[in-house]
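Data first, discussion second: the structure below is written as structure tokens.
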Amino acid sequence: MKRAASPLFPLLLLGTAGVFSTLLYWIFLVVPPAQEAAGGLAQKIFYFHVPSAYAMYLSGVACFLGSAAYLASPREKWNALARAGAECACVFGLLMLTSGPLWAKKAWGVYWVWDPRLTTTLLSVMVYVAVVVMRAFTGDGEAERKFAAALGVLGTVNLPIIHYSVNKWGGNHPTVIGKGGGGLSHPDMKTTLAMGFLAMTLLALLLVWMRARLALLASRTAQAQEELWALSPDQDPT
Amino acid sequence: MNPSSLQPGSPPPAALALVAGAPPAAGTPEERSTEFVAVQGGTETTSAEALLVTAYFVMWAALLGFVFLTWRRQSKLEARLEGIHTELARLGRKG
């Protein structure tokens, strides 16, 4: 029995596709490249890299809210949100950790340095990977769910540390936006970055929604399977 | 031919040897590199275009892969759930 999808979902899907198409047009055809020391043409990775980091924060917050709510009041919907948030944080973290080094190769001459922001980001992504791997391989019992939720809460505690690490401990990572940063000199750069943030916000919402729906569906399937076994124990468990 | 005597635009010695039908002269052991030393402070030569395209390709491939895996798992689960509901309805009729 299929549950009717929310009418908001196709709207969100269309909106995300539209904003992403416009963003790609602006990145490749409108916005000028930055100075050579910032990577020249490779600096255009910035318009996807920074919003990916922001989307990881958003997914991390979703994981935190779902996890904390599940620990306080264990319900399927909170577990689904915690699970979806951790999975999406991994994906956005992966996007950030692949795009950043490619840009760094041009701007710094190396793919990776053990800079405070890079190191704390890697640690945070590894915590979310640990949550996802744990949920995938240790079953879906109450104890496993609570342990994953606790890890999800702890993983999100690291996010503010990443954000403020550049200001606190220095390092190679640029501080263009925010406190102490010189900002973006060209108006098109500001527009493109704003569009990047909007696109990634929509994408994060869409993916968290999709994965949460999937987690709820998996849970409903497992419950139905148990009902079937109770009625007919000789049923094939696959 | 002494390489230092070459004028800009003149062909390299190996090309001249091939034109004359003679085998290209191998460099003497003294002329070959015996060690590679890292250049300090050298400029970055990786193509920015290649890095940009690689970054966007990897990011889109990862995103589309994730969406595809989600869609495939959802389809499988929906089919499985429908099968279970059908089976439950059949058992309910029997009982």
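The values are calculated or read from the model by the stated rules, or taken from the named source; none is laboratory data. Keep in mind it's a predicted model, so treat the numbers as computed, not measured. Heads up, the Cβs are rebuilt from the backbone with ideal geometry, glycines too, and the neighbour counts pull from every protein chain shown. Ligands, DNA and RNA are stripped out before the accessible areas are found, and what is left, the full protein with its side chains, is counted by its heavy atoms. Shrake-Rupley method; radii C 1.70, N 1.55, O 1.52, S 1.80 Å.
Structure data summary
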read-out	value
Kyte-Doolittle mean at least 1.0, axial Cα span of 18 Å or more - DSSP H helices of chain A	A:8-25, A:46-72, A:116-137
Protein accessible surface hidden between A and B, which excludes ligands and nucleic acids, total in Å², probe 1.4 Å	3600 Å²
Accessible carbon and sulfur surface of the range A:13-115 relative to its total accessible area, %, 1.4 Å	71 percent
Around B:T70: net Lys/Arg minus Asp/Glu count, Cβ-Cβ under 13 Å	+4
For A:W78, solvent-accessible area (1.4 Å; no DNA, RNA or ligand), Å²	70 Å²
Given charges at Cβ of Lys, Arg, Asp, Glu: the range A:1-152 dipole, positive-most of A:F92, A:L65, A:I45	A:L65
The range A:2-108, accessible area per residue, ligands and nucleic acids excluded (1.4 Å, Å²)	42 Å²
